[in-house]
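Structure first, commentary second.
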Amino acid sequence: MSTIKTIAFIGLGNMGGPMAANMVKGGFAVTAYDLSETALAQAKKNGCEAAQSVAEAVSGKDAVITMLPAGKHVRAVYGGADGIFASARAGALFCDCSTIDVQSARDVATEAQAHSFDMVDSPVSGGVAAASAGTLAFMVGGSDAAFNKAQSVLDPMAKTVLHAGGNGAGQAAKICNNMLLGITMIGTAEAFVLAKKLGLDPQRFFDISSNASGQNWSMTSYCPEPGPVPASPANNGYKPGFAAAMMLKDLRLAQEAAQNAGASTPLGAEAQALYALFDSLGGGDTDFSGIIQMLSGEMNKA
Ligand code: NAD
């Protein structure tokens, strides 16, 4: 049984808001903080106690969960005179669920260890719907001991909690997975565009390719062509789902990591360029599978 009972939750946006609500449902006493008064008021309605600062939220708590936009926000909230390191009680556990660059995740974890705190990076797969349903997939980076503690904390928000490796490995797993997802989505979309130009019926192409060597998740679970996969956003006007702007963010993080690590990822770079183009044409708020509309020339017709 976990001895962690009190939680501070910092960052109550589209994801963090419903995640904090699920922590309350999971039986934890949750003290919440966000710069947005609206987000804070909603958290109160969901059963959280509202704090007026990071320091007030984390003071005396067993664990701290953060769900913030990017690395710079995470560095600011953890570091600094009124930050988490300065205000948390000795021995508290930190779980950063934000999607951020690998280097920031490693730097913040190193600082946490220097202050004798346990910390994991625990980014998620799954969007707002999964955050609300408590069915997120967590990819966790940290020591075995920190992972074991974090498992029971993340459980009320999770479908799966997997240990990726040491600090930063959760972020690495997330961006490598999403780089692959971006590439396979573009490849799948191109195949449907070409199939149709060659006079193939999309459903027949799907029936053949999904049972042949072209089979992949972007085709069989999230098909960008309307029709073959009823639950895919293609059948719902490409409403996200997973917004193309979020995919672009992850592809940028992957390229940044690839450059820092000296890895050659030319298809990842091309996927980033194509999603940046899609975003600049107004596709950012569309589901990422909507890139098929750009590739087929449908976007320009609007
Ligand atoms: P969001 O912009 O809706 O929420 C971020 C929240 O952080 C905002 O409410 C903001 O006010 C708050 N914030 C920023 N700086 C703060 C500070 N200094 N102190 C307190 N609060 C602060 O973003 P989101 O969609 O909830 O995403 C959060 C993270 O989850 C991002 O890293 C994103 O990449 C990742 N993510 C998002 C999705 C998704 O579908 N939205 C899916 C998977 C992962």
Any aspartates and glutamates whose Cα falls less than 19 Å from that of residue 196, other than same-chain ones fewer than 8 residues away, would be 207, 225, 298
Given unit charges at Cβ for Lys, Arg (+) and Asp, Glu (-), the dipole magnitude of the chain about its Cα centre in debye, nearest 20, is 360 debye
Expressed as a whole-number percentage, the relative contact order of the chain with C-alpha contacts under 8 angstrom and at least six residues apart is 12 percent
Around residue 88 (Cβ within 10 Å, Cβ-to-Cβ, excluding residue 88; K/R +1, D/E -1) the net charge comes to +1
Restricting to lysines and to Cα separations under 27 Å from residue 45, and discarding same-chain partners fewer than 8 apart, the set is 5, 25, 61, 159
The Rg/Rh figure for region 6-166, Cα atoms and Kirkwood Rh, to two decimals is 0.92
Taking Cα pairs closer than 8 Å and at least 6 residues apart, the relative contact order of region 172-295 in percent is 33 percent
Relative contact order of region 6-166 (C-alpha contacts under 8 Å, at least 6 apart) in percent is 19 percent
Here the FRET efficiency for residue 236 versus residue 155, based on Cβ atoms and R0 = 25 Å and rounded to 0.05, is 0.25
For residue 249, the lysines lying under 21 Å Cα to Cα, once residues fewer than eight places off in the same chain are dropped, come out as 72, 174, 239
Expected sort for 289-295, 241-247, 119-125 on mean C-beta neighbours within 10 Å, highest first, is 119-125, 289-295, 241-247
Charge dipole of the chain built from unit charges on the beta carbon (Lys, Arg +1; Asp, Glu -1), centred at mean Cα; most positive-end Cα among 86, 214, 277 is 214
Residues 256, 298 in order from fewest to most other beta-carbon atoms within 10 Å are 298, 256
The extension gain from residue 264 to residue 204, computed as 0.36 nm times the residue separation minus the Cα-Cα distance, is 18.0 nm
The helix 169-197 Cα axis meets the longest alpha-carbon principal axis of the chain at an angle in degrees, between 0 and 90 and rounded to 10, of 20 degrees
For residue 292, the net charge from surrounding residues (Cβ-Cβ under 11 Å; K, R +1; D, E -1) works out to -3
Karplus ³J(HN,Hα) for region 211-222 (6.51 cos²θ - 1.76 cosθ + 1.60, θ = phi - 60°; Hz, whole; x = Gly/Pro) runs 10, 10, 6, x, 3, 7, 4, 4, 7, 7, 10, 8
Packing-ranked peptide list from 197-206, 222-231, highest mean Cβ count within 10 angstrom first, is 222-231, 197-206
Hull volume per residue for the chain, using the convex hull of the C-alpha atoms, in Å³ is 141 Å³
Using the Kirkwood formula on alpha carbons, the hydrodynamic radius of region 172-295 in angstrom works out to 14.6 Å
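Each reported figure results from applying straightforward, stated rules to the coordinates on display, with no laboratory input. Given the structure is predicted, the values throughout are model-derived calculations rather than measurements. Every residue, glycine as well, gets a Cβ built from its backbone with ideal geometry; the counts of neighbours run over all protein chains shown.
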